[in-house]
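Here is the structure we will look at.
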Amino acid sequence: MEKIHERLIEHIDAAQFYTDLIDWDGKSNAFCPFPEKHKDGKDSLPSMKIFTDTGGAFCHGCGYKATSPIYFFADFKKISPDAAARILYGEWVEKIVPTEDYKKPAASLLANEFILDKIKAARGLTEATVKRFRIGYDNKRLTIPIFNDLNLCVNIRRYDLFKDAGPKIVSFAKGTGTARLYPLESLQSAVVFVVEGELDALIGCQNGLPCVTPSGGATTWKPEWNKSFKGKQVYVIPDNDEPGMKGAKLRLAEISKAAASCSVVQLPRLKEQGEDLTDWFLKYNGTAEELRRLAKQPAEKEFKAKISGDDPDMPSMPFEATARSTTEEGLVARSEAVWNVLADAGAFFKNEAGETFYAHDKFGVMRVHKDPGPFVHFLGRINPIYNNATQVGRFVMERIKTNAAMVSAMSKTGSWSIYDKGELYVAAGNDKLLHLTESGFGHIRNAVNKEKVLLNLPVQGMEVTALPCKVPCDGLNLLKEYFMEWLPMQDEDRFLLLAWLVGVFFRDYVKPKPIVRLLSKTATGKSTSSKLASLLLYGQEMLNIAASTMAAYYEMSSTYPLVIMDNLETRNMNSMLEDFLLIAATGGVKSKRLLSADTGMIQYHANCLVLTNGIEPFNKHELIDRTMELQLDIEQYGNNRFHETKVFGGLMANRQKIMASLLYLVHKYVLPRVRKGEVGRIMGEFGSHGKERFNEYFALMALVLDALWGYLPVKGYKNSRDLTSHWLESQTKAVNRQNEGTDEVLYFMDTYVSRYNQLVLAGVQTRVDQVDGRHVVRFTTRDLLSDFRIMSKQLGIRCPWINDRQLGTRLVDSAGVLSKSGWTMETYVSAGRRRHRYSKEVQHDGKQGTAQDGLAGHKGGPGHWRPDAHTGQKSGQRKA
């Protein structure tokens with residue numbers, strides 16, 4: 001809705017808006033329209049200031065503030081800002097059609113098999129096309145909703161399907177019949193076909209042709225539409241009649257003012273007057289491939305004439321005629337000739353990062369800007385003159401880069417897989433993609449597809465070549481045989497790790513993703529388990545591909561779906577590595593200035609899962625809350641029959657079958673539930689637990705587990721929901737144990753009360769009393785910090801807080817850990833200063849002055865104390 005807000009700000013006259021809405025004279029302050037916000041329930045003076053320059057308003061009486069007319073209107077009408085924006089858009093910009101007026105006919109049509117069959121027989125439109133374009137039936141006419149560039153419905157074209165008496169097409173209502181281009185999504189393509197009529201445009205789109213039509217008749221055209229075709233290749237397809245040809249000539253003249261090229265394509269075999277593109281497809285068995293060939297023919301004749309001095313019969317070598325010319329005019333002509341050849345043979349694409357690509361039907365996808373080696377080689381194959389070692393080659397290359405950046409279509413680019421709007425794309429190799437949709441699955445071309453999805457492989461061999469297997473049992477048994485059984489952990493954790501890994505296909509859907517940490521002592525399967533995960537996802541071991549710098553880690557996190565950190569111990573951690581893990585867990589972005597440049601930034605999107613392993617848990621509170629710990633125990637859960645070469649070889653040999661089975665489950669059971677919004681419903685059922693920041697990813701894992709459950713249930717659990725609850729419970733216990741064992745505030749508070757006698761002997765006036773069997777500490781934060789510093793000096797440890805503000809913030813942050821450890825807290829005011837009262841039950845463990853958790857008994861010298869010095873205790877195991 002952000003674009004709608006921006007459009008409204010451009011159109012709304014703030015002075016007129018407020019004058020119409022409230023009692024305001026347009027000059028002085030107005031009475032506040034929100035009396036309930038005022039002390040006496042009314043605005044005794046005109047207190048509201050209207051800012052006509054920004055459209056905002058501010059009440060000096062109650063403090064109400066609105067930054068724009070949209071938010072003021074929302075508060076005034078007690079509706080949401082988005083609802084307010086829609087109402088105001090209809091009043092100030094253009095009329096919009098209520099959502100119900102096109103959704104209801106759309107639902108009615110999908111339930112009417114007779115009309116669906118009629119549409120398919122008469123107009124060739126499938127049910128998938130009907131759903132895609134939200135076509136409906138209102139019991140009289142076919143309804144075709146027309147959307148503007150903000151995706152707001154601004155008209156409904158009502159088509160007389162049964163040719164009853166009356167106009168062929170009528171608009172929704174008075175004021176909505178303005179002629180528009182339809183459908184706008186076709187204008188995203190670098191090649192566009194302009195046809196006559198909405199139904200012709202729809203059947204063209206259905207056949208893979210980006211077709212667009214004016215919604216207003218054969219000779220309708222608005223000069224302001226020309227800019228929509230800037231830099232594009234446009235082909236005008238007229239109906240087989242006089243108005244059609246007249247309109248085609250008009251459109252040719254207008255579009256040619258902005259398009260890179262424009263030509264008229266007359267459909268062959270049409271015999272009767274008025275026949276159109278639909279007749280060509282249905283009656284004369286025309287195909288999209290034939291139409292594309294027909295469209296290229298006039299462009300080829302024009303190109304030959306251009307480079308041969310109007311001699312279309314010039315033999316071979318199409319660039320010979322301009323090869324000798326190095327003048328600016330000659331170089332420009334040669335560059336345009338090369339560009340036309342490339343555009344005819346393939347398509348240019350760009351992504352959000354500004355990188356451009358060229359996709360050719362035969363030679364695949366090549367980068368144009370970054371690492372253009374294969375593309376330069378491709379140009380050299382067209383003609384050896386065009387290479388970067390010559391003046392001509394450099395000039396041509398720069399012109400192509402400039403043109404590509406200006407006119408290429410925006411594509412959805414990614415690494416290995418992309419989840420987009422309920423559909424999943426996975427790189428299948430040989431410039432193919434595996435496409436999983438609501439209606440089915442199959443292979444499509446990489447980049448050269450209607451959604452313009454372009455995927456690259458971070459690792460060769462990672463592609464998924466097999467289609468999802470509709471009988472997944474064999475693949476899942478292989479998964480169990482070569483992956484699950486060799487993970488030295490309890491069954492609950494095996495399924496947790498698998499569900500977490502399968503969630504990688506939805507990393508574009510969920511940004512925050514928990515880190516997984518495999519914990520065990522030396523030589524107990526940490527690296528082996530990580531290798532198994534790598535083999536499943538990448539088809540090869542990735543532990544030997546380690547990043548040597550933080551920049552390399554960020555680069556990998558934006559390209560590789562899974563980053564593995566082998567033998568990562570707390571002693572290896574530094575602030576930069578901690579920052580990387582936090583950014584990866586939150587799905588954030590790392591920005592860096594471009595090298596050798598005064599301006600410009602490069603951004604690394606950390607869109608990956610992170611798998612780490614080590615002997616000890618993390619000791620930083622920020623990382624503990626973002627990590628799932630899995631305990632390994634090779635003695636209890638390992639298999640003495642493990643043979644690395646055999647197991648790894650078996651997993652690699654059967655990876656395609658395993659991935660085909662997993663993707664079938666994803667397509668059959670996970671994608672539909674994600675589309676229906678069940679992730680949100682499951683999140684609401686979790687309740688309180690220690691990893692709530694990752695509720696969305698846990699809900700996704702729950703869907704994956706539920707899909708697996710029918711084939712691989714876990715013993716000891718009635719259903720997948722019980723196992724999901726166990727995951728949350730076990731991870732909550734792990735985070736609580738680790739937080740209590742590593743929290744610096746808890747350590748200092750427990751040590752403070754257990755060592756107070758020692759502090760008194762050192763001359764410190766402590767604030768510790770014993771009242772009714774409890775240690776009671778009353779303090780201001782500044783006084784407590786002073787005592788902590790003295791205590792640190794006496795015990796030879798480091799006080800981590802520089803000032804009382806830092807300590808106060810940490811006290812608030814650690815409130816939950818302190819409470820779970822037995823501390824109660826309250827704040828009161830004494831002598832005008834805020835004071836705190838903390839109390840904890842006195843422990844009777846036979847060791848006077850020793851805290852319950854043992855931390856207070858530490859006697860390390862300077863530099864020996866660490867927050868993690870007493871962690872690493874193995875969590876309790878549960879047999880499956």
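The values are calculated or read from the model by the stated rules, or taken from the named source; none is laboratory data. This structure is a prediction, so every number in the text was calculated from the model and none was measured. Here the Cβ is made from the backbone with ideal geometry for all residues, glycine too, and neighbour counts use every protein chain on show. With ligands, DNA and RNA removed, areas are computed over all heavy atoms of the protein, side chains included. Shrake-Rupley method; radii C 1.70, N 1.55, O 1.52, S 1.80 Å.
Of the residues making up the stretch 355-372, just one is of a type in the set (Gly, Ala, Ser) and modelled with pLDDT of 75 or more, namely ALA359.
Cβ-Cβ under 6 Å, sequence separation 6+ or interchain: first residue in the stretch 261-275 and within 29 Å of VAL338 (Cα to Cα) and modelled with pLDDT under 90, partner surrounded by fewer than 19 Cβ atoms within 10 Å (Cβ to Cβ) and among the polar types (S, T, N, Q). Which pairs? Pairs that qualify, where the first residue is within 29 Å of VAL338 (Cα to Cα) and modelled with pLDDT under 90 and the partner is surrounded by fewer than 19 Cβ atoms within 10 Å (Cβ to Cβ) and among the polar types (S, T, N, Q), are CYS262/SER256. Considering the stretch 692-724, and only residues there that are surrounded by fewer than 17 Cβ atoms within 10 Å (Cβ to Cβ), part of a helix (DSSP H, G or I) and without any contact (Cβ under 8 Å) to a residue 60 or more places away in the chain, the residue that is farthest from the chain's Cα centre (by Cα) turns out to be ASP722.
Listed here are the residues, each with its yes/no results for (1) over 15 Å from THR627 (Cα atoms); (2) outside any loop (DSSP other than H, G, I, E, B).
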{"site": "PRO488", "(1), (2)": "yes, no"}
{"site": "ASP493", "(1), (2)": "no, yes"}
{"site": "LEU498", "(1), (2)": "yes, yes"}
{"site": "LEU501", "(1), (2)": "no, yes"}
{"site": "PRO512", "(1), (2)": "no, no"}
{"site": "VAL516", "(1), (2)": "no, yes"}
{"site": "THR522", "(1), (2)": "yes, no"}
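For first residues located in the stretch 788-800 and in contact (Cβ under 8 Å) with a residue 40 or more places away in the chain, partners that are of a type in the set (D, E, K, R) and surrounded by 15 or more Cβ atoms within 10 Å (Cβ to Cβ) and lie 6+ apart or on another chain with Cβ distances below 9 Å form the pairs MET791/ARG755; LEU795/ARG755; PRO800/GLU744; PRO800/ARG810.
Listed by position, the strands (runs of 3 or more DSSP E) inside the stretch 101-202 whose residues that are more than 30 Å from ARG293 (Cα to Cα) and touching a residue at least 60 places away in the same chain (Cβ under 8 Å) number at least 1 are 142-147, 153-159.
PRO69 fulfils the conditions (1) over 30 Å from LYS131 (Cβ atoms); (2) without any contact (Cβ under 8 Å) to a residue 60 or more places away in the chain except for a single criterion, (2).
The set of residues in the stretch 248-269 that are open to solvent by 30 Å² or more (accessible area, probe 1.4 Å), within 28 Å of LYS283 (Cβ to Cβ) and either in a loop (DSSP other than H, G, I, E, B) or touching a Leu at 6+ places or on another chain (Cβ under 9 Å) (or both) comprises VAL264, GLN266, PRO268, ARG269.
Given the condition open to solvent by 50 Å² or more (accessible area, probe 1.4 Å), closer than 23 Å to ILE156 by Cα and either at pLDDT 90 or above or not polar (S, T, N, Q) (or both), answer yes or no: does some residue in the stretch 213-222 qualify? Taking every residue of the stretch 213-222 in turn, at least one turns out to be open to solvent by 50 Å² or more (accessible area, probe 1.4 Å), closer than 23 Å to ILE156 by Cα and either at pLDDT 90 or above or not polar (S, T, N, Q) (or both). With respect to ILE96, is the statement that it is β-branched (Val, Ile, Thr) and without any contact (Cβ under 8 Å) to a residue 40 or more places away in the chain true? Spelling it out, it is not the case that ILE96 is β-branched (Val, Ile, Thr) and without any contact (Cβ under 8 Å) to a residue 40 or more places away in the chain.
Do you know which of the residues in the stretch 524-559 that are among the aliphatic types (A, V, I, L, M) and in a loop (DSSP other than H, G, I, E, B) is nearest to MET652 (Cα to Cα)? The qualifying residue nearest to MET652 (Cα to Cα) is MET542. Look at (1) assigned to a helix (DSSP H, G or I); (2) at positive phi and you find that ARG789 fails only one, number (2).
On inspection, ASN572 passes the criterion of being more than 30 Å from GLU423 (Cβ to Cβ) and modelled with pLDDT under 90. When TYR538 is tested against (1) touching a strand residue (DSSP E or B) at 6+ places or on another chain (Cβ under 8 Å); (2) open to solvent by less than 10 Å² (accessible area, probe 1.4 Å); (3) farther than 17 Å from VAL647 by Cβ, just one condition goes unmet, and that condition is (3).
The set of residues from the stretch 390-431 being assigned to a loop (DSSP other than H, G, I, E, B), among the small types (Gly, Ala, Ser) and modelled with pLDDT of 85 or more comprises just one member, GLY422. Considered as a group, the residues in the stretch 422-443 that are touching a strand residue (DSSP E or B) at 6+ places or on another chain (Cβ under 9 Å) and among the small types (Gly, Ala, Ser) include one that is surrounded by the fewest Cβ atoms within 10 Å (Cβ to Cβ), and that residue is GLY442. Cβ-Cβ distances below 8 Å connect the following pairs, each with a first residue in the stretch 671-684 that is more than 9 Å from ALA702 (Cβ to Cβ) and open to solvent by 40 Å² or more (accessible area, probe 1.4 Å), a second residue that is of a type in the set (D, E, K, R) and part of a helix (DSSP H, G or I), and a separation of six or more residues or different chains: MET683/GLU696.
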